[in-house]
Amino acid sequence: MQFLSPGPMKLLVGIVGFVIALAIIFFGWVWFSTFHPHEAQSVRVVGSESAPVLPASKKLKVLSWNVQYMAGKNYHFYYDSGSGTDERPSSEDIDKTTKEVARVIKEQNPDIVLLQEVDDGAKRTDHEDQLAKLLALLPDEYCCHTSTFYWKAAFVPHPHIMGSVGMKLSFISKYQMKEAVRYKLALKPDNFIVQQFDLKRAVLEVKLPRDKGKDLLVFNTHLSAFAHGTSVLTRQVNKIDSLLKERSNQGHPWMLGGDFNLLPPGEKSDIFVEQRDRVYGDEREIKVLFENYQPVPTYKEVNGENYEEWFTHFPNDPKITKPNKTIDYLFLSDRTKLGDHYVRQKDTLDISDHLPVVAEFEILQTI
């Protein structure tokens, strides 16, 4: 029995074929316009040829800072507290903020700089390479650098974006770098299409040769936000913990820094229950790093009488008038000795929604 005559059948086949072709084109566009990093991949290192080798006896200073793509504090962005409306900073504010970041770095004079949320090729920041712009403002001794993208797409069809995105983890050093490797971290659970346009979180490992002893390894990361109620932060921390254990077993001294989007362990974290329900993970996820390594700030500091001195986050929300939580940290291996350390709050409140974490450390001479 024939249910359709040849004419309608051809029409139906044509429509189905057209829909399939559109689907192939759409999925092809999504795939080829977005970023697909490997589990582990080498990253280009710049400027090491002329830089000095790290002296084995050198006491090092590190500065870690989420610079919020040089946006400054004059905006309440659409992703802030679920109520903001601003979509991008002005070009003038980007220039001003970049100069302020450079000022703080020059005044602190760290040996190693770890930066998160550094834009490169993003519509919201005029498609500029923000690391290159910052380096041009720093002394020539900061000649070594490397970066890896963790958000990159030619066009994001989000009503507040509608254009290209590009955001990196960046590493700057006064000393030679031997190599750098990007490691992929777990993605937030979502449908296939959304995941392609979302951030692809990572940890960047950089190897600094020393004139004596094992290489110093430095890690930079930025973990997921808005992930409460999922296992993604636990999986990301566990990945990092496994890397650190492996490097410790290999005998390397190392340090790790970044924006973890995780509240510290201890009773003081109870004051953040409201924010935790929507944005931040709790102490259970980061506790393993506090227990296994040397944290900055320490458990005692984030739960002591002066715990507010260790706040690292000052949201771009007009209802919040001062820093209100700690979510940025440094961690050191047991082959290092921690020295002076602090959060620079005094003159950085108008630069970024995060504050720089600074620490001095030395590598134990038995290494």
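Read-outs throughout are calculated quantities, based only on the coordinates presented, and are distinct from any laboratory measurement. Predicted model, so just to flag it, every value in this text is computed and none were measured. Cβ placement follows ideal geometry from the backbone for every residue including glycine, while neighbour counts extend to all protein chains displayed.
Taking amide H atoms as placed 1.01 Å from N in the peptide plane, the amide H of Leu54 lies under 5 Å from those of Gln176, Asp211, each 5 or more residues away in sequence or on another chain.
For Lys319, a cut-off of 19 angstrom between C-alpha atoms picks up these lysines, skipping any fewer than 8 places away in its own chain: Lys73.
Of the residues Arg124, Arg44, Arg344, the one that moves most in a GNM of the chain with alpha-carbon contacts below 10 Å is Arg44. At the listed q of 0.13 Å⁻¹, the Debye profile of region 1-123, built from one uniform point per Cα, gives log10 I(q)/I(0) equal to -0.87. With respect to the chain, whose longest principal axis is taken over its alpha-carbon atoms, helix 6-32 is tilted by about 10°. Of Lys73, Lys346, Lys59, the residue with the greatest mean-square motion in the GNM of the chain, using alpha carbon springs below 10 Å, is Lys346.
If I compute P(r) over Cα pairs in 20 Å bins from 0, in percent from the structure I just sent, which labelled value in (1) 28, 56, 11, 4, 0; (2) 25, 45, 25, 4, 0; (3) 30, 57, 13, 0 lines up? Label (1) holds the value from this structure.
With contacts defined as alpha carbon pairs under 8 Å and 6 or more residues apart, what's the relative contact order of the chain in percent?
The value is 19 percent.
Rounded, prolate or oblate: which one fits region 117-195, using the alpha carbon gyration tensor with axes a ≥ b ≥ c (rounded when a/c is under 1.5, else prolate when a/b beats b/c, else oblate)?
Values: a/c = 4.12, a/b = 1.58, b/c = 2.61.
Here region 117-195 falls in the oblate category.
The H on the amide N of Tyr150, modeled in the peptide plane, is under 5 Å from the matching H of Met167, Lys168, Leu169, each at least 5 residues off or on a different chain.
Taking only Cα atoms and a 10 Å spring cutoff, compute GNM fluctuations for the chain and point out the largest among Phe18, Phe219, Phe192. Result: Phe18 has the largest fluctuation of those listed.
Only helices enter this figure: runs of n ≥ 4 DSSP H residues, each worth -39500 (n - 2.57), summed and divided by the residues of the chain, yield -8000 deg cm²/dmol at 222 nm to the nearest 500.
On a 0 to 90° scale, report how tilted helix 91-108 is relative to the longest principal axis of the chain, with both axes built from alpha carbons and the result rounded to the nearest 10. Between the helix axis and the principal axis of the chain, the angle is about 30 degrees. Computed 3J(HN,Hα) for region 42-58, one whole-Hz value per residue from the Karplus formula 6.51 cos²θ - 1.76 cosθ + 1.60 where θ = phi - 60°, is 5, 10, 5, 9, 10, x, 6, 4, 9, 7, x, 7, 5, x, 4, 8, 6, glycine and proline marked x.
Explain nothing, just the number: dipole magnitude of the chain about its Cα centre with +1 on each Lys and Arg Cβ and -1 on each Asp and Glu Cβ, in debye rounded to the nearest 20.
980 debye
Sequentially through region 235-246, phi angles give Karplus couplings (6.51, -1.76, 1.60; θ = phi - 60°) of 5, 5, 5, 5, 4, 5, 4, 5, 5, 5, 4, 4 Hz, Gly and Pro residues having no value and appearing as x.
Charging the Cβ of each Asp and Glu at -1 and of each Lys and Arg at +1, and nothing else, the dipole of region 61-122 about its Cα centre rounds to 280 debye. In the structure shown, the pairs Lys200/Lys322; Lys58/Lys133; Lys61/Lys168; Lys188/Lys325; Lys106/Lys239 are assessed against 25 Å; a Cα-Cα span above that value is assigned to Lys200/Lys322; Lys58/Lys133; Lys106/Lys239. Our coupling estimate for region 60-68, obtained by passing each phi through the Karplus curve with A = 6.51, B = -1.76, C = 1.60 and θ = phi - 60°, is 9, 10, 10, 10, 10, 7, 7, 8, 6 Hz, Gly and Pro reported as x. Overall dimensions of region 107-261, expressed as equivalent-ellipsoid semi-axes from the Cα gyration tensor (√(5λ), whole Å, largest first), are 28, 22, 11. Return the whole-Å distance between the Cα centroid of region 172-219 and the Cα centroid of region 126-159. Using only Cα atoms, the two centres lie 15 Å from each other.
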